[in-house]
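A short write-up of the structure that comes next.
The values are calculated or read from the model by the stated rules, or taken from the named source; none is laboratory data. Source: prediction; values computed, not measured. Positions of Cβ are generated from backbone atoms using ideal geometry, with glycine treated the same way; all protein chains shown enter the neighbour counts. For the accessible areas, the whole protein counts, side chains as well, though only heavy atoms, and no ligand, DNA or RNA atoms are used. Shrake-Rupley method; radii C 1.70, N 1.55, O 1.52, S 1.80 Å.
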Amino acid sequence: MEGALDAGLKLFGMWASPFVHRVQLALKLKGLGYEYVEEDLSNKSPTLLLLNPVNQKVPVLLHGDHPIAESLVILEYIDETWTERYPLMPSDPLERAAVRFWCHFAVDKLGLSFWEILKSTGDEQRAAVREALGNLKLLEDELRDGLFRGRRFFGGEKMGFLDVVIGCGYHCLPELDEMTGADPFELDEGFPCISKWVRDFRAQPEVKEVIPDHDKLVGYMKVIRQRILSQGSASAPRV
Ligand SMILES: N[C@@H](CCC(=O)N[C@@H](CS)C(=O)NCC(=O)O)C(=O)O
């Protein structure tokens, strides 16, 4: 909590979870300190089950006595509670609508298509990669020609809400083939705007502090993939 405001926050998380990283990155950008509790998701603590009885998932943020669950809900809560510190959401309503729209896209489209890559092999996986690349192309077009065009980040010169949401889920895009055993694809060639954005995101000091070492994450994802493949299909987390 060094140098950060003690806001009476406790975060229940798991080191490799992109949903937890979203919350950690938002707290870091806002300069808010918090106590961190690492959960063993194969043996969840009674406290986690009590705080998030509906989904029984991390992250859960405890503010005083009040638990808040679901990463996007937590991000909005943090942003609306500490408005004076590093605003994450844009002030313009149209831009806010666009941020929310692309957050839905990240969860419903990108997230699901990448999950399909992780849990499949052979032709099924190649089809999943085609679907995911089609989704990435939509994001590439948005960065090139849409509301966010010409910006370093979706938030402008600095990272904003959408950078936190998409960045924590997809900073591993350059290692996607390694993580999933999929055929290699050239991010730089097909997706110049996304690949620049990924590089800029990964270079941010707050991101470096929050996101675990890439080799460690890739190794962990390979283990998860093997576990899913040996146990049969797993349900997708909502990314
Ligand atoms: N939609 C949730 C997803 C959270 C989620 O899937 N968390 C995973 C860890 S990456 C979890 O707690 N899994 C435990 C389980 O599914 O039982 C969010 O955005 O917070």
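Summary table below
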read-out	value
Check on LYS44, of a type in the set (Lys, Arg), open to solvent by 20 Å² or more (accessible area, probe 1.4 Å) and either in contact with a Phe, Trp or Tyr (Cβ under 9 Å, 6 or more places away or on another chain) or part of a strand (DSSP E or B) (or both)	no
Qualifying residues in region 75-88 (those that are of a type in the set (D, E, K, R) and over 16 Å from the mean Cα position of the chain (by Cα)) - the one nearest to the ligand (Cβ to nearest atom)	ASP79
Leading residue by the ranking (farthest from the ligand (Cβ to nearest atom)) among those in region 7-20 that are part of a strand (DSSP E or B) and open to solvent by 30 Å² or more (accessible area, probe 1.4 Å)	GLY8
Residues of region 171-180 satisfying the condition of being touching a residue at least 12 places away in the same chain (Cβ under 8 Å) and in contact with a Phe, Trp or Tyr (Cβ under 8 Å, 6 or more places away or on another chain)	HIS171, LEU176
In region 129-153, residue most open to solvent (accessible area, probe 1.4 Å) [restricted to those that are among the hydrophobic types (A, V, I, L, M, F, W, C) and touching a residue at least 40 places away in the same chain (Cβ under 8 Å)]	LEU147
Residues of region 59-68 satisfying the condition of being within 15 Å of the ligand (Cβ to nearest atom) and either modelled with pLDDT under 95 or farther than 29 Å from LEU138 by Cβ (or both)	VAL60, LEU61, LEU62, PRO67, ILE68
Yes/no for ASP163 being under 16 Å from HIS21 (Cα atoms), among the charged types (D, E, K, R) and open to solvent by less than 50 Å² (accessible area, probe 1.4 Å)	yes
Tally of residues being part of a loop (DSSP other than H, G, I, E, B) and either open to solvent by less than 60 Å² (accessible area, probe 1.4 Å) or away from the ligand (no atom under 12 Å from the Cβ) (or both) across region 27-41	2
Pair list, Cβ under 9 Å, 6 or more apart: region 63-83 residue surrounded by 14 or more Cβ atoms within 10 Å (Cβ to Cβ), other residue among the aromatic types (Phe, Trp, Tyr) and part of a strand (DSSP E or B)	PRO67/PHE12
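Residue-wise test of (1) away from the ligand (no atom under 16 Å from the Cβ); (2) at pLDDT below 95.
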position	(1), (2)
ARG22	no, no
LEU25	no, no
LEU49	no, no
VAL54	no, no
VAL73	no, no
PRO90	yes, no
PHE101	yes, no
VAL107	no, yes
LEU112	no, yes
